[in-house]
Structure formats: structure tokens, C-alpha cells
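**Student:** Starting off with a structure, shown below.
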Amino acid sequence: MVTKMEGYIPQSERKKILLLCDDLRTHSGIGTIAKEMVLHTCHQYNWVQVGAAIKHPEAGKKIELSEETNNLVGLSDSSVIVYPNDGYGNPDLLRKLLKEEKPDAIFIFTDPRYWTWLFQIENEVRAKIPIVYLNIWDDYPAPMYNKTYYESCDLLMGISKQTTNINKLVLGDKAKDKIIEYVPHGLNHKLFFPLNEKDSNWEEFQEFKKTLYGEQDYKFVALYNSRNIRRKQIPDTIWAFKQFVDKLPLEEAKQCALVLHTAKVDPNGTNLPAVIEALCGNEPERYNFIFSEQKLTVEQMNYLYNSTDVQIQLTSNEGWGLSLTEAILCGNPIIANVTGGMQDQMRFVDNKGKWFTPDANIPSNHRGTFKQHGKWAFPVYPTNISIVGSVPTPYIFDDRCDASDAAKRLLEVYNMGPQEREFRGNLGREWALSDEAGFTSEKMSYRIINALNNLLATWTPRAKYYLHKIDQPKRESVPHNLDY
């Protein structure tokens, strides 16, 4: 339970924030972060949310969550309201809520393409209240096609160091007119933590393991926890596990397993059982693949991490990688592709001995410029960086690592033994809880409060109109090195 936190403001004196993103009651990554943010800032702000979902069963209703929030955080006067909606909203709904709820700021969170309708009326909105964007971008080259989106916001909070750098690079001279802050994702470290025999739910944890593994007592278990979609590279994860197991004697191989907490088949990804059969069908007794498809509670997710030895994530584009954060908080080492926000969680060290911060000269560490990192991390560097794209997003790097390199990392983690794995995992948790990393709900929310209060104290409304001299459009190339 969260107690009344420092900086408490009575409900009648709080600013009201209109939040547009996944319904905070859903279990998506965005919904999870939205919930943690609201719970840890409701002592300073009153929240109204347009809670998005696909074919939302409660669309059109008004859900009062204040009493439930009070019970969770130990307040008596929180104000949290959700308007469930099919999708993220539209101009008519927004205008209605601006009139009825009278918020002091709009707060959006997820891919900018979901907010084109909002950016199209930003001049109308920002003549009254500011727009805040908790944003993310998976990879370089810096998306100049996002420039008008970033220009439409007053406060940009990048959830990765890469995103913050991208915001500044894309905006160029206009960055000085914005508040741009680094606000990494944070989770409840009291829900994700290492379990031991003294914990009251130890027996329940043992039952969970029996359900997952049956009577088999595996000596080494790797975990993949994310969606079955193409960019997550799950077939490469399976291939890496096969190559790792092939390096072991048969009896040792039988004591290893890969847990896949994901859908076996997804049209956005692939047929994973078919991949396993194709790669491992000739010697099935050597390879142990365990699927976990059911939705788990937060407590059960903590059991899942605690019942495994390492989290593996080989995604070719990943803005953050929330499963890595969960694993680190549970005291597990991580094996991850060096791309996007996953780099932040490995804590690479630059040539000045500092936690690596991207800039125009070295925008990413995906080329392995810096090799020193946190002891809990086992990076896999991409061997192929290609440019892919679509009409809305014409170009973006696709960072593909080699499954053979991931297999070597699995073997390395396996060979170090359980005591060393625990030691390194605990170092990761200790760092995640520190002020430097701040991958906790409290520290994330503290950063959000500081940024919001700064904005609300300094923001001035936009003029109703501006006069612009129309010149020949200036060509804008990517404002950072491509070869580094």
C-alpha cells in the first residue's frame, strides 16, 4: 500500500490531468505504466482518463475509481475517473471532455500515429491548455517525419535515453521552446521482488512451480515473456536455445528448459510449435519448451520470474522492454539485444566512465562502441542493421542479432552457476532501485511530477493564430551520424 506521500495537495487545490492511453485497468504495458503513474501521483493531481481498448465492453460509460484508488494508496480524497472508449478518442470526444471536465493539461502516451487527430487540432487545444507526451521511439535514423508531432507538444518525456535524444535531434532549434525530460518506466518493486523461504507466500509459489513444471525439477530455465509478434524474434530465441542445449551432454540438456509466456500462434507473429518441431523435432527428448499462455496476476508474474534463471529478449526494435525491468526487479540476469531502450537497462559505460547517454555523434550503442556494462546484463550485439519502413514511417533501423551469439550468452549464464546468477541479479535490482536508474513506480512518478509542475508553472497559452512567411521548404536530413 502507498501511504500519503510527500507533497500532498487537497483535492480541491489539485490540477486536473486528462490522460489519453490504454485503459489503466488493462494489462498492456501502457495500461500497467498508466496505473502505476496515476496511483503514485493522485496525491498531487486529479485524473480523468479516456481508457482505450479494442471493442471496449464498457464504452460510453463513466467509471468512478476514486474509492478504489483511496483503498490502494491510503488517501481519502483521490479523484480518478475513467471514460472507457473504443480507441484513443477523437476531436468531438475531446472537445466534450474539455468543456465538462475542464482539465489543466492533456497527457498522451503511446505511438504518435494514434494522435494525428489531436495534433491536427493542437492550435485549438494549446490556446487553452498544454499537451504532455510520454513518448517513445524504437530506433534511428531520427524520425524527421515525427517533427510536427513533437512540435505539437509542450512537454516531451522520453522513456528511454534514445527517445530523449531523438526528441532533441528532430526538433533542432525548436527544442529550446520545449521541456524535454528523461522519464524511464518504473514498476512496483514491492510486487516484483526476489522470493525466499521466509516469505508468507512461499508455499503458494511452490504450487505455482508444480503447475508450471509438473514434477520436473529443472536446473536451468530461461524465460521469454512478451507478445508473439514478428519484431520480437521468438524463432531466433528458440533457435538460440537449441544451439545452447546442443553444447551440453544429453543428461544436462534434459535439465534445461525455455518457458515461453506468450501465445503459441498469433497472426502478427508465427506458429511457434511449428518452429519448434522444425528445429528440434529430430531429438525432442533433448529440448524442453514450456508454454504459458494463460493470463497471470501480478503475483503470479512474480512467481514466474522467480521460477526462472534468466530473461531473454532478442527483439529487433524495442522502445523499452518492460519484461526486462520486471526480471531485473525480481533479481534475474537479462540476455538482450542491444537496441532501443533495452540498452538503458544494461547500463553501458562510456569512455568517461558515465552511464552512456546517446548524442548526435554516437546515437546508439547497437554497434558495440562501448562494451562495459552492468554485471546483471548479457548483451547480444546486432550483426545486421538494416533500414526498413512503411508509408507512415518511411525508415527505421532493424537491429538483428545472431541467434548463435545469444546461444553463447545462454551458455555463459548457465556455466556461472546459481550463486553467481543470484549475485549478479541482485546487483541489477539494487541498481534499478537507485536514484540513478529509478526504475520504480515512485521514482518514475517523482520525475513526472517534477516535469508536470515545471510545465504548469511556466506554460503560456499559444496565440490564436500566427503569421508565417512561406519560403521554399528546406530539405532536412537526419541530424546525426549514421556511421559511428
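**Student:** Among the residues of the range 343-387, write down those that are exposed (fewer than 14 other Cβ atoms within 10 Å of the Cβ) and on the phi > 0 side of the Ramachandran plot.
**Tutor:** Result: GLY353, GLY368.
Residue-wise test of (1) of a type in the set (Ser, Thr, Tyr); (2) touching a Ser or Thr at 6+ places or on another chain (Cβ under 7 Å); (3) not assigned by TED's automatic domain parsing to the domain that holds PHE356.
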residue: LYS168; (1), (2), (3): no, no, yes
residue: LEU191; (1), (2), (3): no, no, yes
residue: SER226; (1), (2), (3): yes, yes, no
residue: GLN233; (1), (2), (3): no, yes, no
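**Student:** If you take the residues of the range 436-478 that are in a loop (DSSP other than H, G, I, E, B) and within 20 Å of the chain's Cα centre (by Cα), which of them is surrounded by the most Cβ atoms within 10 Å (Cβ to Cβ)?
**Tutor:** Step one: of the range 436-478, the residues in a loop (DSSP other than H, G, I, E, B) are 436-439, 459-478.
Then keep just the ones that are within 20 Å of the chain's Cα centre (by Cα); that gives 436-439.
Working: GLU436: 11, ALA437: 21, GLY438: 21, PHE439: 28.
Step by step, filter the range 436-478, then rank; the result is PHE439.
**Student:** How many residues are in contact with a helix residue (DSSP H, G or I) (Cβ under 8 Å, 6 or more places away or on another chain) and among the acidic types (Asp, Glu) if we restrict to the range 101-124?
**Tutor:** Total meeting the criteria: 1.
**Student:** When you check TRP47 against the structure, is it assigned by TED's automatic domain parsing to the domain that holds ARG25 and under 23 Å from THR393 (Cα atoms), yes or no? Show your work before the answer.
**Tutor:** Details: assigned by TED's automatic domain parsing to the domain that holds ARG25: yes; under 23 Å from THR393 (Cα atoms): no.
Spelling it out, it is not the case that TRP47 is assigned by TED's automatic domain parsing to the domain that holds ARG25 and under 23 Å from THR393 (Cα atoms).
**Student:** Hey, another quick one. Please specify each residue of the range 343-361 satisfying the condition of being within 14 Å of THR164 (Cα to Cα) and of a type outside the set (Ser, Thr, Tyr). Reasoning before the result, please.
**Tutor:** So the first thing to find is which residues in the range 343-361 are within 14 Å of THR164 (Cα to Cα), and the list is 343-344, 356-360.
Correct list: GLN343, ASP344, PHE356, PRO358, ASP359, ALA360.
**Student:** Conditions: (1) without any contact (Cβ under 8 Å) to a residue 24 or more places away in the chain; (2) more than 16 Å from MET301 (Cβ to Cβ); (3) not small (Gly, Ala, Ser). TYR213 meets all but one. Number of the miss?
**Tutor:** Exception for TYR213: condition (1).
Here's the yes/no breakdown for (1) assigned by TED's automatic domain parsing to the domain that holds GLY31; (2) surrounded by 16 or more Cβ atoms within 10 Å (Cβ to Cβ); (3) hydrophobic (A, V, I, L, M, F, W, C):
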position	(1), (2), (3)
SER76	yes, no, no
SER79	yes, yes, no
GLY87	yes, no, no
ASN90	yes, no, no
LEU94	yes, yes, yes
GLU100	yes, no, no
ASP104	yes, yes, no
LEU134	yes, yes, yes
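**Student:** From SER445, SER477, grab the single residue that is of a type in the set (Gly, Ala, Ser) and more than 26 Å from LYS190 (Cβ to Cβ).
**Tutor:** Values: SER445 fails: more than 26 Å from LYS190 (Cβ to Cβ).
None of the other options fit; the residue is SER477.
**Student:** A further question follows. Select from the range 417-435 the residues that are over 22 Å from the mean Cα position of the chain (by Cα) and outside any helix (DSSP H, G or I) and list them in ascending order.
**Tutor:** none
The values are calculated or read from the model by the stated rules, or taken from the named source; none is laboratory data. These numbers come from a predicted model, not from an experiment. Note: ideal-geometry Cβ built from the backbone for every residue, glycine included; neighbour counts use all protein chains shown.
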